[in-house]
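Inspection log for the structure reproduced underneath, given as structure tokens.
The values are calculated or read from the model by the stated rules, or taken from the named source; none is laboratory data. This structure is a prediction, so every number in the text was calculated from the model and none was measured. For neighbour counting, all protein chains shown are included, and Cβ atoms are generated from backbone atoms with ideal geometry for every residue, glycine included. Side chains are part of the model used for accessible areas, which takes the heavy atoms of the whole protein and leaves out ligands, DNA and RNA. Shrake-Rupley method; radii C 1.70, N 1.55, O 1.52, S 1.80 Å.
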There are 2 protein chains.
Amino acid sequence: MSEAPTSPVLVLHGGAGTIPHATLTPARADAYHAGIRAALRAGYAVLADGGAALDAVVATVMALEDNPLFNAGRGAVYTSDATHEMDAALMDGRDRRAGAVAGICGPKHPILAARAVMERTPHVLMGGEGAMRVCRDAGLEFMDPAWFGTEARLAALKTELARRASGAADTRSDADKHGTVGAVARDCRGHLAAATSTGGLTAKTPGRIGDTPVFGAGTWADDATCAISATGQGELFIRTAAAHEIDARMRWGGQSLEHAATEVIEKLLAPIGGDGGLVAVDAQGNVALPFNCAGMYRGYVRGADAILMSAIHREPWRTEAA
Amino acid sequence: MSEAPTSPVLVLHGGAGTIPHATLTPARADAYHAGIRAALRAGYAVLADGGAALDAVVATVMALEDNPLFNAGRGAVYTSDATHEMDAALMDGRDRRAGAVAGICGPKHPILAARAVMERTPHVLMGGEGAMRVCRDAGLEFMDPAWFGTEARLAALKTELARRASGAADTRSDADKHGTVGAVARDCRGHLAAATSTGGLTAKTPGRIGDTPVFGAGTWADDATCAISATGQGELFIRTAAAHEIDARMRWGGQSLEHAATEVIEKLLAPIGGDGGLVAVDAQGNVALPFNCAGMYRGYVRGADAILMSAIHREPWRTEAA
């Protein structure tokens, strides 16, 4: 059976939150836009070459993990113990095969750890030292804990710990508290995939696992409906099964991707204080990038012209040729 | 606003699997039935006294955790390292508040660890040592690792490790491989709750996390639809978002609880090799206990007569006055 060639689509986010205009200088905004474009290029090269959506989202997330501006891989935030605990997840829309890791620090690219769980074990989700063992057996590249840290993240931790000690109110922007990276894609065969990776929350309690590795909450992919990667207050994405809720509204409620994704962010999450956003693509190549806070680092690329689209706040897209 | 008094309902499972008739002697079957009834009594006493569904499912699961016949708490299976790694989860249908732990060994009642995460932290899911710290801060009762083990579970581990070393085929019954306990309830105010607790799979790879603490997969509760606790091949319950799929079919597909729960087990899980079952209750007090393997330890009690119903295989219910 031959499958009709389909125009590939790639969508990514680099975290949602109330990113203050005041502290985001033009130079820093340019750096984020450049990071988004670099990650789009990395993933779209796979798709344009006829590669699989699964490989494209992994390549995209690896590029974001390598970039210390984003809270995943290098640049991951610190726990209250000044350690790193990273979560990552990967799902293949063809058969919903999936892999995820929770609370690891070692593999240079946590998304490859998720892939190792998917491909090398009969399991879907693995945590801590057991997950690390799988990564070592897989021969993944490891880095010292210090490699993941940056001065900016350490400063954010110290500021937050000092605030807690003083009893002062938490006035950090949401962007300072959390962050996540993720990508969804449709490849030229019409298959979907989703990948998400995060360092979690600045000064989080060690052991806290967010929505990233909880399939149906922060990560989901099914060729029949859509692929989703979310960012924001993970606990509320778990309690609403946000990603699977979008899938369910499309399958059982007859909603479009745009309608379902927007309603979940605006009408399900926002009323209970769940700030955040998500990126989504459906089987027809439609994309949605809803968020209910001031900004979400985001971008997409699709079609033959392959223009790289990037944005941070509610603003016109910046465009650049691939 | 006064709420109409509603007849309480409690449903539990003690794990699903192909429990061989041949090895289940009448005396052993009697012991399982007695364990099911004792757990029903513990939870129903809470409901009959006007207590909350949340407290009832916790009391039910604690009774099952205390019983070494069931794979949760005392009697938890061993990992391949001859350790215990327990998962537990709790969800309140009133507002979908939730708490879960993954990969812990220490708290006598893992379901109380899940409750501590729900009540004492802003988080929903915590793993390993970080979760243990929350449990210690909560003053939970701890037991030595040896307390959780039983000779039967250790024998099962040794047999399985010897089989793996010999390269022989895996001929264990599903009941020997895994097991889980769980309960769902509707209280006299019409509120729902779900609780699940497990030791996981015999000889599992350390670090493996199953569907129990993945909300939307093995555990879910929403007053608007239903409460669910699942048991079986956790990886496939995660990849199908089994519990939230039942919720979604009721809300968006107009299906009844019985229809939705049965279809998820028979038509979604069974075709991909996902053996197992679940217990469910809806806002109207309907119950469902579908499973696609030879047996599932299960029971329920409801209404003014409060007859304790228990069963293992596909067989008539045993009944006993409360």
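The lysines within cross-link reach of A:LYS267, meaning a Cα-to-Cα straight distance under 18 Å and a gap of 8 or more places when in the same chain, come to none at all.
Hey, got the average number of other protein chain Cβ atoms within 10 angstrom for residues in B:232-242? Could you put the intermediate results ahead of the total?
On the way: counts 0, 1, 3, 7, 2, 1, 10, 10, 5, 13, 1.
Mean partner-chain Cβ count within 10 Å for B:232-242: 5.
Computed FRET efficiency, Cβ-Cβ of A:GLU129 and A:ASP305, R0 56 Å: what is it to the nearest 0.05? Mind showing how you got there, number by number?
On the way: r = 47 Å, r/R0 = 0.84.
That pair, A:GLU129 with A:ASP305, gives E of 0.75.
Based on the Stokes-Einstein relation at 20 °C and a viscosity of 1.002 mPa s, and on the Kirkwood radius from alpha carbon pairs, the protein assembly as shown is assigned a translational diffusion coefficient of 88 µm²/s. What chain A shows is 34 Å² of accessible area per residue, with the surface traced by a 1.4 Å probe over protein heavy atoms. The B and A chains share an interface that buries close to 3200 Å² of accessible area, total over both sides, probe 1.4 Å. Take each residue in A:55-61, count the other chain C-beta atoms within 10 Å of its C-beta, and the mean is 0.
As a fraction of the 1.4 Å probe accessible area of chain A, surface on carbon and sulfur atoms comes out at 53 percent.
Each label point was placed 7 Å from the Cα along the Cα-to-Cβ direction; for A:THR6 and B:THR83 their separation is 4.2 nm. Projected over all directions and averaged, the alpha-carbon convex hull of the stretch A:76-214 occupies 9.1 nm². For the stretch B:196-212, a drop of 50 Å² or more in accessible area on going from the chain alone to the assembled protein chains (1.4 Å probe) is found at B:ILE209. Ranked by the mean number of other Cβ atoms within 10 Å per residue, highest first, peptides B:144-153, B:101-110 order as B:101-110, B:144-153. Distant-in-sequence amide contacts of B:TRP220, defined by a placed amide H-H separation under 5 Å and a gap of 5 or more residues or a different chain, comprise B:ILE228. Straight-distance candidates among the lysines for linking to A:LYS158, with alpha-carbon spacing under 17 Å and chain neighbours fewer than 8 residues away dropped: A:LYS177, A:LYS204. Note on the stretch B:9-321: percent of Cα-Cα distances in each 20 Å bin, starting at 0 and stopping at the bin with the largest distance, equals 38, 58, 4.
Averaged across B:216-223, how many Cβ atoms of other chains sit within 10 Å of each residue's Cβ atom? Other-chain Cβ atoms within 10 Å of each residue's Cβ, averaged: 3. Judged by the gyration tensor of its Cα atoms, with axes a ≥ b ≥ c, the stretch A:12-155 is oblate; a/c meets the 1.5 cut and b/c is at least as large as a/b.
Label-to-label distance for A:LEU161 and A:HIS313 is 3.3 nm, based on points extended 7 Å past Cα in the beta-carbon direction.
Based on the alpha-carbon gyration tensor of the stretch A:128-168 and its eigenvalue square roots a ≥ b ≥ c, which shape applies: rounded if a/c is under 1.5, prolate if not and a/b is larger than b/c, or oblate? Note, shape of the stretch A:128-168 comes out oblate. A full extension of the chain between A:TRP147 and A:GLU119 corresponds to an added length of 7.4 nm, given 0.36 nm per residue minus the alpha carbon distance.
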